[in-house]
Amino acid sequence: MADHHARTPEERETLCAQGAQAILEGMKRLGASNPTSLQDENGFLHFPVGSIQCTLGIVTLEERDLFLVYAPIMDLPSDRDLILPLYRLLLELNNRFELSIAKFGLHGDTIFLSAMRPVDGLDPTEVEDMVRWVSGLADDIDDRLLVEFGGTSRRRGG
């Protein structure tokens, strides 16, 4: 496998274009007849699954082009006494075998579930599997987390 740092900008652009095509084909397999209609101005697709809004696309981190599937689940509770038990549960869930390709994280005050892989060699079946996996897990767990930890909805204060 070639070192990702040794790729020319043209090679990376080609890989990203191939990855973008695989993403669109994968979304068609998920029932999106016109996946480009789900795309925002930055090229990310937004795909609703149950109570979850899944976002997917290509991101660049440290000069690596990655396919990302991201599903926001809930905001942190404003009740500080709930935060530590919530963090503990999320860490325990991150360690479970079923989440091997996905992980919980925090962006600002939003808890999310995500999965990433290099865009190199991405195929429509992987796109379909990753979107089903992340969106399905997120949709299954969001109700539990909201019942246990979402009882307070006011914005968290300093």
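The values are calculated or read from the model by the stated rules, or taken from the named source; none is laboratory data. Bear in mind that the values here come from a model prediction, so they are computed numbers and not experimental data. Here Cβ is always computed from backbone atoms with ideal geometry, including for glycine, and neighbour counts include all displayed protein chains.
Points to keep in mind about this one:
- Qualifying residue in the range 30-40 (condition: out of contact with any helix residue (DSSP H, G or I) (no Cβ under 9 Å at 6 or more places or on another chain) and among the hydroxyl-bearing types (S, T, Y)): yes
- Subset of the range 1-56 (residues that are closer than 25 Å to S135 by Cβ and of a type in the set (V, I, T)): I23, T36, V49, I52, T55
- Taken over the range 58-105, the criterion of being loosely packed, with under 12 Cβ neighbours inside 10 Å and either within 12 Å of the chain's Cα centre (by Cα) or assigned to a strand (DSSP E or B) (or both) is satisfied by T60, L61.
- Verdict on D109 being acidic (D, E), surrounded by 14 or more Cβ atoms within 10 Å (Cβ to Cβ) and closer than 27 Å to D142 by Cβ: no
This table checks each residue for (1) more than 25 Å from M74 (Cβ to Cβ); (2) of a type outside the set (F, W, Y); (3) free of Cβ contacts under 8 Å to residues at least 24 places away in the same chain.
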position: T8; (1), (2), (3): yes, yes, yes
position: R12; (1), (2), (3): yes, yes, no
position: C16; (1), (2), (3): yes, yes, no
position: Q21; (1), (2), (3): yes, yes, yes
position: E25; (1), (2), (3): yes, yes, no
position: L38; (1), (2), (3): no, yes, yes
position: E41; (1), (2), (3): yes, yes, yes
position: I52; (1), (2), (3): no, yes, no
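- Picking from residues in the range 6-56 that are in a helix (DSSP H, G or I) and among the small types (G, A, S), the one that is modelled with the lowest pLDDT is A6.
- Considering the conditions (1) crowded, with 16+ Cβ neighbours inside 10 Å; (2) farther than 27 Å from E10 by Cα, P35 is excluded by exactly one of them, (2).
- Selection status of R132, closer than 23 Å to M27 by Cβ, modelled with pLDDT under 95 and either part of a helix (DSSP H, G or I) or of a type in the set (A, V, I, L, M, F, W, C) (or both): yes
- Count of the range 99-129 residues, restricted to those that are of a type in the set (D, E, K, R), over 21 Å from L30 (Cα atoms) and free of Cβ contacts under 8 Å to residues at least 40 places away in the same chain, is 1.
- When L61, L146 are checked against the criterion of being closer than 28 Å to T8 by Cα and either without any contact (Cβ under 8 Å) to a residue 12 or more places away in the chain or among the hydrophobic types (A, V, I, L, M, F, W, C) (or both), L61 stands alone in meeting it.
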